[in-house]
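The values are calculated or read from the model by the stated rules, or taken from the named source; none is laboratory data. Since this is a predicted model, take the numbers as computed values, not measurements. Don't worry about glycine lacking a Cβ; one is built from the backbone with ideal geometry, like all the others, and counts go over all protein chains shown. Keep in mind that these areas ignore ligands, DNA and RNA; they rest on the heavy atoms of the full protein, side chains included. Shrake-Rupley method; radii C 1.70, N 1.55, O 1.52, S 1.80 Å.
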Amino acid sequence: MAITLGDAFQNWNNDSKLPTAGATVDGGVIDMLEPNLFRNKVMIPGVTFATDVESLMVDNQFAVAFIRKLDKIKVNMCKATDDEAFRVVPTSSDGKFIEVKCNDVLKVAEVVYEPIDAARVSGKTADKVQLASESYDEVKELRYISYLINGGGSPDPTDVGAPASANTERCTKANVIDNIIDDRKVIRKAGADPDTLLISDDTDAVFLKHLSERTYFSAASATETSALGQVYIGTLFSGKVKIFTSNALGQDNSALVGLSETAPTDTDKKAAWEKEKALWDWSNIEYILYDHKTLCIINVVRFIGLVPYDAIIHNSTLISILTVCGGRIRNTQKAIAKKFVAASGD
């Protein structure tokens, strides 16, 4: 296509009124896509969450599973010189079931205006497939992190998110490492060994300013970064805790999962909107420290492909992605979420 030189020039300098005598230049669409921006991928199977439950559920085609958790068995202790010290005192321990439920559906249905045979070899459709996959991955990432923050939504009353840290002050250069150490102490006193730390970009910025003053941190090697991605920044405490930076933490993600940015006017609908928005607004979460083996995530159905759509729209194809998933923390004593409470006037 041709555009006038005056149009092209005035796009650069709108104040110019120089005559161009009708001269034209060529303009067109170049074969290049500007990439979109997405939330980081920190939910890595076997690294930041466990897949053992998923394997069993997929193999058995379960949508709901129950994991047995037995109570500790009582051990009687006494002196050998006590009366009846060696008398058998029988006990009977009990237990409970932990429910893991796949009750979330993620789906993409993007129309491309090419028949199925043309779409399979079309560069334009390939671009759309890639974008659909990236958009799906972003929402899936948020859904997975929400299991860590909010729980999985099963009827089991123990299916809740990571408990909040007792410390509600905002992390600073002076206290960020001490805050992590204190929260780690709480988890370790319960008998767990936290091995994963997800931090927000705000915490990452504070954290990096403090590294030269403490020796707890080991930076990621090039090999580790290649394997785990740029979101992996290193370890704390002699390699015991892996650190990942997530730009989903410290932000409101409600618009990305399809929630309207403006509240409804209806009172009941507004209350429901506020409740849902609170589930995805993670602006005050600075970090989450946990044992990755307690976060189980299950993906029992996966489909991605091109589907003929001519019956609905002439000469069209549907890019279809479908997932049925679920997840939860199996033991909340193995996780802590650090949230700050804004001071009045902030």
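Summary of packing: across the peptides 224-236, 51-63, the per-residue average of other C-beta atoms within 10 Å ranks them, highest first, as 224-236, 51-63.
Please list Glu274, Glu114, Glu34 from largest to smallest accessible area, probe radius 1.4 Å, with all protein chains kept in place. Mind showing how you got there, number by number?
Working: Glu274 90, Glu114 35, Glu34 145 Å².
Sorted descending by solvent-accessible area, the residues read Glu34, Glu274, Glu114.
The order of the peptides 101-113, 243-255 by mean Cβ neighbours within 10 Å, most packed first, is 243-255, 101-113.
Of all complete DSSP H helices in the chain, those with a Cα span along the helix axis of 30 Å or greater and a mean Kyte-Doolittle hydropathy of -1.0 or more are 123-149. For Glu286, nonlocal amide neighbours, meaning residues 5 or more places apart or on other chains whose placed amide H falls under 5 Å from its own, are Lys338, Lys339, Phe340. Solvent-accessible area of the chain (1.4 angstrom probe, protein heavy atoms only): carbon and sulfur portion equals 54 percent.
Label positions at Asp266 and Arg68, each projected 7 Å from the Cα along the C-beta direction, are separated by 4.8 nm.
Can you tell me which of 166-177, 74-85 comes out highest on packing, and rank the rest after it, using the mean Cβ neighbours within 10 Å?
Per-residue Cβ counts within 10 Å, averaged per peptide and sorted highest first, yield 166-177, 74-85.
A simple charge model with +1 on the Cβ of Lys and Arg, -1 on the Cβ of Asp and Glu and nothing else charged puts the dipole of region 61-167 at about 280 debye relative to its Cα centre. What the phi angles of region 106-113 give under the Karplus curve with 6.51, -1.76 and 1.60, with θ = phi - 60°, is a coupling list of 10, 8, 10, 9, 9, 8, 10, 8 Hz, glycine and proline written as x.
Placing +1 on the Cβ of every Lys and Arg and -1 on the Cβ of every Asp and Glu, with no other charges, gives region 119-180 a dipole of roughly 320 debye about its Cα centre.
Extent along the principal axes, Cα only, for the chain: 114, 56, 52 Å, with the longest axis given first. Around the amide H of Val301, modelled in the peptide plane, lie the amide H atoms of Val324, all under 5 Å away and 5 or more residues distant in sequence or on another chain.
Straight-distance candidates among the aspartates and glutamates for linking to Lys72, with alpha-carbon spacing under 18 Å and chain neighbours fewer than 8 residues away dropped: Asp94. For region 107-231, the relative contact order is 13 percent, taking Cα pairs closer than 8 Å that sit 6 or more residues apart in sequence and dividing their mean separation by the residue count. Averaging the sequence gap over all C-alpha pairs within less than 8 Å and six or more residues apart, then dividing by the number of residues, gives region 233-346 a relative contact order of 24 percent. Of the listed residues Arg143, Arg87, Arg328, the order by accessible area with a 1.4 Å probe, largest first, is Arg87, Arg143, Arg328. Structural descriptor for the chain: relative contact order 26 percent, calculated from alpha carbon pairs under 8 angstrom and at least 6 residues apart. Working note: Karplus 6.51/-1.76/1.60 with θ = phi - 60° gives region 323-334 the couplings 9, 10, 9, x, x, 5, 8, 7, 9, 5, 6, 9 Hz, where Gly and Pro are set to x.
For Asp104, the residues 5 or more places off, or on other chains, whose built amide H falls under 5 Å of its own are Cys325.
Here Lys128 is the anchor, and the lysines within straight C-alpha reach of less than 25 Å, apart from those fewer than 8 places off in the same chain, are Lys41, Lys107, Lys140.
Surface analysis of the chain yields an accessible area of 60 Å² per residue, using protein heavy atoms and a 1.4 Å probe. For region 193-346, what class follows from the C-alpha gyration tensor (a ≥ b ≥ c being the square roots of its eigenvalues): rounded when a/c is under 1.5, otherwise prolate if a/b is larger than b/c, else oblate? Oblate, since a/c reaches 1.5 and b/c is not below a/b.
Note on the chain: with charges restricted to the Cβ of Lys and Arg (+1) and Asp and Glu (-1), its dipole about the Cα centre is near 1240 debye. Under the simplified labelling scheme, the Val186-Leu259 pair shows an inter-label distance of 2.4 nm, with each label point 7 Å from Cα along Cα→Cβ.
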